[in-house]
Amino acid sequence: MIDIKLIIENPEKVQRLLAKKGFDVSFSSLLKLNEERKTILMKVESSKAEQNKLSASVPLLKKEGKDVSGIFKKVKQLSDDNKSDVLKLEKIEKDIYDILVVLPNLPDEDLLPGGKENNKVIHTYGKKPVFAFKAKDHVELCESLGLVDYQRAAKISGSGTWIYTNLGARLEWAILNFFISEHLKDGYEFIIPPHILNYESGLVAGQFPKFEEDVFWLEGISPRKFILPTAETALVNLHRNEILKEEDLPKKYFAYTPCYRKEAGSYRTEERGMIRGYQFNKVEMVQYTTEEGSNAAFEELVQKAAKLVEKLGLHFQISKLAAGDCSHSMARTYDIEVYVPSMDIFKEVSSASNARDYQARRGMIRYKDKSGKTKFCHTLNASGLATSRVFPAILEQCQQEDGSVKIPEALVPFMGGIKVLKPIK
RNA sequence: GGAGAAUUACCCAAGUGGUUGAAGGGGUCGGUCUUGAAAACCGAUAGGGGAUGUAAGUCCCGCUAGAGUUCGAAUCUCUAAUUCUCCGCCA
C-alpha cells in the first residue's frame, strides 16, 4: 500500500514513479475524496463528542435525582442526525481504500522505466560452457539418466507436472538440502509454513486483489483459502499485526515449500520439461528490517542467492530489472538468471526484491525504534533458490560427452557421495 | 465432523450496562539497602489508529474481529476467527 500522505503531499512524484511501471493514474478524484473525508470526519467526530459529553453527565444527575429524559432525547436526536454522515464517511473511506489497494509499489528512483527490454545485466559469473559434442537438453538428459518421469506424471496428475524418480528425486532433495544448509550457516531461521493460506495473507503480500486469478483456490472450505504460489506469501505474513522491537531486527527467515501456480498454462514450446510447471520446489528467504537497514539487506539477499549458484559452479548473471518488470509489490528487483544451454538463454532462478514498507503497510507490520516511535518495517525476499531451473541447468551445464552428468561438488555430500549420474540406457 | 468453554494492556488476571484510559499481580526500568548480588522496600511505566493545532493540548475510535440493542457496552444480542476440553475419525 502506498502511503496516502505521500500522494497528498506529492501527487506528481507518485504519478511520475508509477508511470515508470507503466501505470497511468490521476489522483484528482482521490485528493477530492480525501478532502471530503476530512470535512465529514470532523462533523461526525464533533457530534460524537457532544453525545459522549451528554451521556457522561447522566450518572451524576441521576444520583442527584434529576430528570434525565431530556438528555436521552437530545443524544438520540444527535445520533440520528449523525447517521447519514457516518454512512457517507464509511463509503468515502471504502472508495479511498479501493483506489489505494490496487496501486502497485513505487519503483526506486534509480530504476529505468519500462519493461524487460530495459533490464540491465550488472554481473556475469563464469563462462558459457562449450561442448565438443552435441549437447542434450535437460528433457533428454532426464530421460536417459532416469531422473524424471513425465509420462506417468501426466497419468496421475496432468500436464505441467513431472515426477522426480530415483536419482532425480535424490538430486532434487540434495539441491534443496544444500540451500537449506547454506541458509542455516548464515543464521537464517528455518520455517516450514502451511501451504494453505487465507485471503488476508495474499492481500498483505500484494498478490491480491489484483492477481486472485493466478493462484489455486480450494473448494469446500470457508472462508476461502488458496495454496501458496511462493513461500514469500507465508513468510511475509508471519509478523502481520505485530509491533517488533528494533533490536530484534533484522529478522531473517527461510522456508522450503513447493510453489503452486497457474501460469503453466502459458507454456511455450521452448519451455519444455520442468522450466515452467504448476508446481515447483523453492527455498525462499525473507527479511524484516528497519527502514535504514533495508538497502543492506537487499544486497545481502542478492549476494546470498548469487553465491548459491556460484557454489554450484553454474554460469549465471544478475539483472537489475526495469521498473515495469519488477513485481507489483516491489520497489526494486534483481534477478539471478542461470544459463540454460539448450535454450541459449538465461532463466530466472531467483528474484530478490525489496518491498520497502509496501507489504508492511498492508499487514501493519511495524517496529518500535530506539526513540519509541512506531514505524513500518521493510520486507524483502529472494528465492534461494528455485530448483526447477537449477536442476535443468546443472544437467545441461555439467553434461559430459559420454552422456553422464557430473554432480557439482557442493552437492556431492548431499547425494550420499554420488559424483556422477550415468545414463541408464 | 459433534458438544462445551474461553479471548481484557508485555504476561497472568479482576471486571455482567454509567466518572473503567480498565482493580490486582508479575515483568520491565529507576532508586534505597549491600563490598557485589539476591531478598525486601520505595518509585516509575499501560498499547494502537485517526482529526485538529507551530506546540502544549483537545477530540474521535480502540477490552479478538465485524454487526446490532441502548441516552450510554469490556459488560447484553448476533455472526466470524482463534485457542482449550470432551466425543468421533484418522496419517
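The values are calculated or read from the model by the stated rules, or taken from the named source; none is laboratory data. Just so it is clear, the structure is predicted and the values come from calculations on it, not from any experiment. Neighbour counts run over all protein chains shown; Cβ positions are idealised from the backbone, glycine included. The area values use the complete protein model at the heavy-atom level, side chains included, leaving out ligands, DNA and RNA. Shrake-Rupley method; radii C 1.70, N 1.55, O 1.52, S 1.80 Å.
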*Of all residues making up the stretch A:241-263, the number that are crowded, with 17+ Cβ neighbours inside 10 Å, basic (Lys, Arg) and not in a strand (DSSP E or B)*: 1
*Please note which strands (runs of 3 or more DSSP E) are completely contained in the stretch A:331-392 and include at least 1 residues that are farther than 22 Å from A:LEU6 by Cα.*
A:332-340, A:345-356, A:378-386
*Could you please give the count of residues in the stretch A:34-60 that are over 38 Å from the mean Cα position of the chain (by Cα) and either more than 10 Å from RNA strand B (Cβ to nearest atom) or touching a residue at least 12 places away in the same chain (Cβ under 8 Å) (or both)?*
10
*asked:* Can you tell me which residue is farthest from A:LEU301 (Cα to Cα) among those in the stretch A:185-221 that are assigned to a helix (DSSP H, G or I) and either away from RNA strand B (no atom under 16 Å from the Cβ) or touching a Ser or Thr at 6+ places or on another chain (Cβ under 8 Å) (or both)?
replied: A:GLU213
*Restricting attention to the stretch A:1-33, report how many residues are near RNA strand B (Cβ under 9 Å from one of its atoms) and crowded, with 17+ Cβ neighbours inside 10 Å.*
1
_Search result, residues across the stretch A:61-76 that are within 9 Å of RNA strand B (Cβ to nearest atom) and open to solvent by 100 Å² or more (accessible area, probe 1.4 Å)_ = A:LYS62, A:LYS63, A:PHE72, A:LYS73, A:LYS74, A:LYS76
*Would you say A:ILE99 is in contact (Cβ under 8 Å) with a residue 40 or more places away in the chain, more than 9 Å from RNA strand B (Cβ to nearest atom) and either among the hydroxyl-bearing types (Ser, Thr, Tyr) or surrounded by 11 or more Cβ atoms within 10 Å (Cβ to Cβ) (or both)?*
yes
*Being open to solvent by 20 Å² or more (accessible area, probe 1.4 Å) and more than 16 Å from the chain's Cα centre (by Cα), is that true of even one residue in the stretch A:330-339?*
yes
